[in-house]
Amino acid sequence: MLKIDLKAEDDKWLKEIAKEIDISMKDLAYMSIMKIINEYRVRKAMREYTEGAVSLGKAAEIAGVSKRKFMVMIEDFGIPLNLDARDFVKCFGFLSEMREYRVYKNVSRTPALKGEACR
Amino acid sequence: MQKPKIIIDTSSWINLFRVDLTTYLIENFYVCVTPKVSNEILEGKGFAEDANLFERVSNKGVIQIITPKKIQEKIKHEISISSGEIEIIAYAIEKKDCFVLIDDSKVYQVMNRFNLKYISSANIVVDLCLIEKINKDMAYKLLEKLRRVLRDEVINKAKEVLKNAENRS
C-alpha cells in the first residue's frame, strides 16, 4: 500500500478540494494518481506510435483506450496514421497483380523501391 | 470477375466511411472481418455512424465474420494481442487467399515476413478511380479528405498515380 506524507499546507488544500467536489480524500488522491498514470500512458503511446515503434492497436493498448478512441486522439493532435508512401506504393503492387492496370510503371519511386512489388 | 476477398481492419473501415466508400468497398470486394475487429468497430455504436452502418450490413450478411483457427506464437509478441490486428494476420497466414485492408506500416512489417498481401484505404480510393467506379475529380476530392488522417506523402503519391494514369490514357 502506498503511503504519502503531505506537508500540512498540501493536506489542507487536499481536504478543501475533497470537500468542494464532495469525495473522500482517499478517492481524490486515487483519482489524482490515476490521472497522472493515464496521461503518461497516452503520451507514451503517442510517442511510440509516432516513432513507428508500435502498431495502432498496440498504441491503443498502451494508452488504455479503444482503437477507435485512440484514432480520434491522434487526429486531434494532428498525428497522421503511420502509413508511408513507400508502403502505399508496395500496396499497389499487390493490387496490380489482381487488376489489369499497370499505371505505376512510370511513377517516380525511391531507389529502395526498385524491384519491389510494383511491376 | 470474381470479387477479391479482403479482410478489413477498424482503421480502414473508419477511414473509408470518412470518404463515403464503404458501399463501394462492399460492392467490389468480398469483405470479411474478424470478431475483434467487429467489436472494435461496433464500440462506436450509437455515436459513430460508421458503426451503425457496419452493424446493418453485417446483419444482412454482406460482411462475413471470419475467425482464425489459432494465433501463431511468432506474432504474439509483435502485435497487440488485444486488438483485431493479430486476428487479421493470423487468418491471413492461415488462408493466404486474401488481401488485408489496414492503414498501418507497422503491421505491414509483420505481414511482409509472411508474404501477405495488403492495401490501404488510400489504395482503395485510387483503385476505384482506375477501374472507373469513381472519376478522377472525385478521387482527388476523397484523397484530400483522407489527408486529415494520412500523411501528406501518401496523399501526394496517390495523386501522382492518378496523374500518371491520366497521362497514359
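The values are calculated or read from the model by the stated rules, or taken from the named source; none is laboratory data. Please read these numbers as outputs of a predicted model, since none were measured by experiment. For neighbour counting, all protein chains shown are included, and Cβ atoms are generated from backbone atoms with ideal geometry for every residue, glycine included.
For B:Ser58, are the conditions met, namely being among the polar types (S, T, N, Q) and within 14 Å of chain A (Cβ to nearest Cβ)?
no
Are any residues in region B:27-45 over 17 Å from B:Glu87 (Cα atoms) and crowded, with 18+ Cβ neighbours inside 10 Å, and if so, which ones? Spell out the reasoning first.
Taking region B:27-45 and keeping what is over 17 Å from B:Glu87 (Cα atoms), we get B:27-30, B:43-45.
Within region B:27-45, B:Asn28, B:Phe29, B:Gly44 qualify.
A:Val103 - would you say it is at pLDDT below 60, buried (at least 19 other Cβ atoms within 10 Å of the Cβ) and farther than 19 Å from B:Val110 by Cα? Spell out how you get there, then give the answer.
On the way: at pLDDT below 60: yes; buried (at least 19 other Cβ atoms within 10 Å of the Cβ): yes; farther than 19 Å from B:Val110 by Cα: yes.
Yes; evaluated as a whole, the condition is true for this residue.
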remark   = By residue number, the members of region A:64-102 that are of a type outside the set (Asp, Glu), within 18 Å of B:Arg147 (Cβ to Cβ) and at the interface with chain B (Cβ under 7 Å from one of its Cβ atoms) are A:Met71, A:Pro80, A:Leu81, A:Asn82, A:Leu83, A:Ala85, A:Phe88, A:Val89, A:Cys91
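Does region A:64-91 hold any residues that are among the β-branched types (Val, Ile, Thr) and not in a helix (DSSP H, G or I), and which are they? I'd like the intermediate steps shown before the answer.
Initially, region A:64-91 is screened for residues among the β-branched types (Val, Ile, Thr), giving A:65, A:72, A:74, A:79, A:89.
Answer for region A:64-91, where residues must be among the β-branched types (Val, Ile, Thr) and not in a helix (DSSP H, G or I): A:Val65, A:Ile79.
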key: Residue that is in a helix (DSSP H, G or I), hydrophobic (A, V, I, L, M, F, W, C), in contact (Cβ under 8 Å) with a residue 12 or more places away in the chain and touching a helix residue (DSSP H, G or I) at 6+ places or on another chain (Cβ under 6 Å), where the choices are B:Val100, B:Val126   = B:Val126
Options A:Ile37, A:Ile4; residue that is away from chain B (no Cβ under 14 Å) and not in a helix (DSSP H, G or I) = A:Ile4
request  = Hey, could you check region A:40-63 for residues that are part of a loop (DSSP other than H, G, I, E, B) and surrounded by fewer than 18 Cβ atoms within 10 Å (Cβ to Cβ) and say which is farthest from the other protein chains (Cβ to nearest Cβ)?
outcome  = A:Glu51
key: Meets criteria (assigned to a helix (DSSP H, G or I) and either in contact with a Ser or Thr (Cβ under 6 Å, 6 or more places away or on another chain) or not small (Gly, Ala, Ser) (or both)) for B:Lys145   = yes
query = Which residues, counting only those in region B:105-124, are within 8 Å of chain A (Cβ to nearest Cβ) and touching a Phe, Trp or Tyr at 6+ places or on another chain (Cβ under 9 Å)?
reply = B:Lys106, B:Val107, B:Tyr108, B:Lys117, B:Tyr118, B:Ile119, B:Ser120, B:Ala122, B:Asn123
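For region B:44-77, which positions are of a type in the set (Gly, Ala, Ser) and in contact with a Ser or Thr (Cβ under 9 Å, 6 or more places away or on another chain)? Write out each step before concluding.
Applying the first criterion (of a type in the set (Gly, Ala, Ser)) to region B:44-77 yields B:44, B:46, B:48, B:51, B:58, B:61.
Listed by number, the residues that qualify are B:Gly44, B:Ser58.
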request  = May I ask you to list the residues in region B:125-148 that are facing another protein chain (nearest Cβ under 8 Å), buried (at least 22 other Cβ atoms within 10 Å of the Cβ) and among the β-branched types (Val, Ile, Thr)?
outcome  = B:Val126
